[in-house]
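To start, the structure under review is shown below, and the notes come after it.
The values are calculated or read from the model by the stated rules, or taken from the named source; none is laboratory data. Because the structure is a prediction, the values reported are computed rather than measured. Glycine gets a Cβ as well: all are built from the backbone with ideal geometry, and neighbour counts include every protein chain shown. Ligands, DNA and RNA are stripped out before the accessible areas are found, and what is left, the full protein with its side chains, is counted by its heavy atoms. Shrake-Rupley method; radii C 1.70, N 1.55, O 1.52, S 1.80 Å.
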Amino acid sequence: MGGISVNVVPMNKLGILQPGQLFDRFRIVKQLGEGGMGEVYLALDKNDNRNVALKVIKKGTPNFERMLSWFQREVALYRKIAHPNVVNFVAAGEVEGIHYVALEQIFGVSLRQWLNRNGPCSLRRAFSWTQDLVFAIHAAHQQDVIHRDIKPENIMIDRDKNVKIIDFGLARAEGLPTLEEMTDTERLLKRGRPRDGKLSGDSGVVGTLSYIAPEVLRGKPAAKESDIYALGLVFYEMLTGQILIQDTSSAAIIMERHRQVDKMKSFLPRPVSKLAEELETFVLRMLKDQTHERYCSTKEMVEDMRKLEAQYGSE
C-alpha cells in the first residue's frame, strides 16, 4: 500500500497511512499522533489547498462500535459551531467503512505554553484575546453547547496571534449524549484521578480540577455559568500569569480557595489604567461563587465587551 495514486484504502490494510497517499480528498503529509480513539494525520485538503488535522478511526481497536459512537458525537459537536475563534470543522465522511473527520490544523502553541514562555499578557493583548474568547464561547452557547473543559491547554494561539478554542470532547450539547452516558463511569471512578487532572464520574463532575466551577464541585451539573467561571479563571491567568485555583486532591482545600476568590476585590497591582480596572471588574464578576451574581449569560458579556471596544478600541 502507499503509492501516491491510491484513491481509497482497503479496509484490511488500514494501519498507519503513508505520506503522499491520497485518502478521499486529502493528501497525507505525516502522522501527528495515535491513541485509543484512532490516528491523527497532517494532511492537505485538495479542495482548497489547506492543511488539516485528519482523525481516522482505527480499525481493530477493541470496542470499535463504541469508539465509532464517540467519533460521531465529536463530529456532530463540531458541526454545531462555526466561529473564527473555534477550531474550524472542515469535513467528515467514510471511505469503504473507514470514518474520518478533518479539522483546521492550527500551527502554533497553547495559551499555557505561551504564558509559560512570556508571562502575563500585555493589557492590549489581554483585552483583544478576552474579546475573541468571549465571542467564541457565546457562539457555542447559542447552539446550546457547554464546553466543560475551558483551560489554557484548550486554547491555541496561531502564528498570527489569533486565539482558538479546541477540544470539545467533554462538551455537553442539546440532543447529543454526554460523556457520562457513553462511558462506564463506575470503571472511571475505580481508576481514580487521571494524571491530567481530569475528573469524570456519575456525580456530574467532569473537567479539569483547577477550572471546575464551585457549584459543579458541590454536585450540580455543569451549565453555561460553569463555562463563564472557567473562562474567568483563564482571563485572570492572562492578566497575572498566575494560576488562581491550584490543583489538589483535597476537595475541601479547593472549595476554600473558591471562597477566597469570591472575596477578592482586586488582583492587579495598583495603580492601574482605566481599561485595566474595567477588565479586572469584568473578570471578578465572572468569578463570583454564586451563579446569580455572575454574568447571567455570554450575551451580556458580549454586550459589555462591545461597550469596552467602543470606548477603548482605538487607543
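Shape class for region 46-105: oblate, because the ratio a/c of the largest to smallest gyration tensor axis (alpha-carbon atoms, square roots of eigenvalues) is 1.5 or more and b/c is at least a/b. Surface composition of region 85-187: carbon and sulfur make up 42 percent of the accessible area, probe 1.4 Å.
Computed from the C-beta positions of residue 312 and residue 96, the FRET efficiency with R₀ = 51 Å rounds to 0.40. Restricting region 65-171 to GluC sites (Glu not before Pro) that sit in a DSSP loop and have at most 13 other Cβ atoms within 10 Å of their own Cβ leaves 96.
So what's the net charge close to residue 246: Lys and Arg +1, Asp and Glu -1, counting the other residues with Cβ under 14 Å from its Cβ?
Net local charge, residue 246 excluded: -1.
This model, with +1 at the C-beta of Lys and Arg and -1 at the C-beta of Asp and Glu, gives region 210-315 a dipole about its Cα centre of some 240 debye.
For the residue pairs 161/224; 55/299; 46/151, alpha carbon separations beyond 30 Å are given by 55/299; 46/151.
Once the Cα-Cα distance is subtracted from the 0.36 nm per residue extended length, the residue 167 to residue 263 segment shows a gain of 31.4 nm.
Bridging of residue 30 to aspartates and glutamates at a Cα separation below 12 Å is possible for 39, once same-chain residues fewer than 8 apart are set aside. Here each label is just a point 7 Å from Cα along the line to Cβ, and for residue 159 and residue 218 those points are 4.8 nm apart.
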